[in-house]
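Everything on this sheet refers to the single structure shown next.
The values are calculated or read from the model by the stated rules, or taken from the named source; none is laboratory data. Computed from a predicted model, the values in this text were never measured in an experiment. For neighbour counting, all protein chains shown are included, and Cβ atoms are generated from backbone atoms with ideal geometry for every residue, glycine included. Ligands, DNA and RNA are excluded from the accessible area calculation, which covers all protein heavy atoms including side chains. Shrake-Rupley method; radii C 1.70, N 1.55, O 1.52, S 1.80 Å.
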Amino acid sequence: MLIVEDESAVRTLACVALKKRGYQVLDAADGLTALDVWKHSASHVDLLLTDLVMPGGMSGGTLGRTLQSRKPQLKVIYTSGYSPEIMREDSLLAQDVNFLPKPYELSALLKAVRLCLDGGKLPRFDVCPPKPEEAVMA
């Protein structure tokens with residue numbers, strides 16, 4: 001799987017948690033770096049977990065669409081710290097996509113990844129942000 005997240009602490013926590021569960025994880029800090037990683041590892045990537053809003057001129061939405069055009073069976077989970085109300089206005093999220101709002105608990109991330117890899121879909125915006133003391137990823 002490929003994790004694309006500009007917040008290094010969030011990216012590191014997600015990578016560590018997923019690797020501990022036996023997943024092979026590649027990571028990138030932005031969309032352009034992710035495209036470079038993809039060039040060398042596309043055959044090993046079956047799931048993309050990407051933040052929607054990133055620096056560097058490429059959004060997670062553009063990255064997801066680009067990589068799925070190259071590998072249609074690629075599963076994608078989009079994530080963002082913006083509120084679901086704001087994100088619903090994004091044309092990408094008006095579609096039927098997998099979206100995991102931030103902050104999320106590691107258990108929610110692990111559940112979302114497993115569900116997507118097994119061919120399921122995440123419920124639309126039903127993950128309520130955890131209380132601040134429960135949040136581990138922002």
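Over 23 Å between Cα atoms: which of K39/K102; K39/K111; K20/K71; K39/K71; K71/K102 fall into that group? Too far apart for the 23 Å limit: K39/K102; K39/K111; K20/K71; K71/K102.
Taking a sphere under 10 Å around the Cβ of D6 and counting the other residues whose Cβ falls inside, with K and R at +1 and D and E at -1, yields a net charge of -3. Taking amide H as placed 1.01 Å from N in the peptide plane, L26 has its amide H under 5 Å from the amide H of L2, I3, each at least 5 places away in sequence or on another chain. Accessible surface ranking for V97, V45, V16, 1.4 angstrom probe, highest first: V16, V97, V45.
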